[in-house]
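Engineer: Can you read through this structure? Questions will come right after.
Each reported figure results from applying straightforward, stated rules to the coordinates on display, with no laboratory input. Being a predicted model, the structure only gives us computed values, none of them experimental. Glycine also receives a Cβ, built like all others from the backbone with ideal geometry; neighbour counts cover every protein chain displayed.
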Amino acid sequence: MSFTRPIIGISTNYMQLGSYMQYHIRDTYVNALYTYGALPLLIPSIEDKALLKQYIDMVQSLIIIGGMDYPPQMYGEIPHPQTEAMEMRRANSDMLLMDLILESGKPLLGICAGMQLINIYFGGKLIQHLDTVETHFGEKYHPITIKDSRWLNRICNAEKLIVNSNHHQGVNPLHIGKGLKPVAFSAEGGIEALEHDGEQIILGIQWHPERITDLDHRKLIFDFFIGNRSSGL
């Protein structure tokens, strides 16, 4: 029996690869959406809100992916020597996507840099280079604890998880965006997940469920955002 797959929007990077500027996304994001029953709609980094709105109108939910660092001027800071800023074209496009997904009321999942964008969008700041970078960069696996979460507890039904990290920046706990709540933490207290206090599902996670080796964990995350179980989507 055939069925119509839900369309899930997913952002892309914009970067120079070889001699050309290219829209780019790792296959793990796309493959995860296909595997769990969605039809991924890749959204190119464009600075045209009207065009981006046509993409958002077509999707059930939106995923903003990881990538290079959001330019520090977006949150009023000068670059750290270790900051490797993404192209402003992607950063501007992602901010427009944030506007549009909030206007739509549809669910949003931010992965890695996507979680950091959520904090920036709501007025927060980042730590540009973590003191604990050796624990978190290079696809390192480590435990996290979930506390007082609405969405993440519902997805995982657990208080502790082992997650995979590949980031050198993090959400600054002294500068959390308006309406956001940290709901998961690493052993040293780093922020591993954010949720918004409104009714709309807005969840940011610092790890990479699209390529985590725990397939049950991967399935729980993507099933929730695709709507494969009683998720309220």
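Engineer: Looking only at the stretch 33-55, how many residues end up being touching a residue at least 24 places away in the same chain (Cβ under 8 Å) and within 24 Å of R218 (Cα to Cα)?
Structural biologist: Residues meeting the conditions: 10.
Engineer: Taking S93, is it in contact with a His (Cβ under 7 Å, 6 or more places away or on another chain), surrounded by 20 or more Cβ atoms within 10 Å (Cβ to Cβ), within 27 Å of D27 (Cα to Cα) and among the hydroxyl-bearing types (S, T, Y)? Can you show your working first?
Structural biologist: Working: in contact with a His (Cβ under 7 Å, 6 or more places away or on another chain): no; surrounded by 20 or more Cβ atoms within 10 Å (Cβ to Cβ): yes; within 27 Å of D27 (Cα to Cα): yes; among the hydroxyl-bearing types (S, T, Y): yes.
In short, no.
Engineer: I'd like the full set of residues that are over 19 Å from E210 (Cβ atoms) and either among the aliphatic types (A, V, I, L, M) or within 16 Å of the chain's Cα centre (by Cα) (or both), limited to the stretch 15-43. First the steps, then the outcome.
Structural biologist: The first filter runs over the stretch 15-43 and keeps only residues over 19 Å from E210 (Cβ atoms), leaving 16-22.
Within the stretch 15-43, L17, M21 qualify.
Engineer: Could you check the stretch 181-202 and list, in sequence order, the residues that are within 22 Å of H136 (Cβ to Cβ), out of contact with any Gly (no Cβ under 7 Å at 6 or more places or on another chain) and in a strand (DSSP E or B)? Outline the logic, then answer.
Structural biologist: Initially, the stretch 181-202 is screened for residues within 22 Å of H136 (Cβ to Cβ), giving 181-195.
When the remaining residues are screened for being out of contact with any Gly (no Cβ under 7 Å at 6 or more places or on another chain), the result is 181-189, 192, 195.
K181, P182, V183, A184, F185, S186, E192, E195 - these are the residues of the stretch 181-202 that are within 22 Å of H136 (Cβ to Cβ), out of contact with any Gly (no Cβ under 7 Å at 6 or more places or on another chain) and in a strand (DSSP E or B).
Engineer: Check off (1) crowded, with 21+ Cβ neighbours inside 10 Å; (2) among the aromatic types (F, W, Y); (3) out of contact with any Phe, Trp or Tyr (no Cβ under 6 Å at 6 or more places or on another chain) for F222 and give me the number that stays unchecked.
Structural biologist: (3)
Engineer: Now for a different question. Give the residues of the stretch 19-35 that are part of a loop (DSSP other than H, G, I, E, B) and either in contact with a strand residue (DSSP E or B) (Cβ under 6 Å, 6 or more places away or on another chain) or not polar (S, T, N, Q) (or both), sorted by residue number.
Structural biologist: To start, the set of residues in the stretch 19-35 that are part of a loop (DSSP other than H, G, I, E, B) comprises 19, 25-26.
Hits for the stretch 19-35 are I25, R26.
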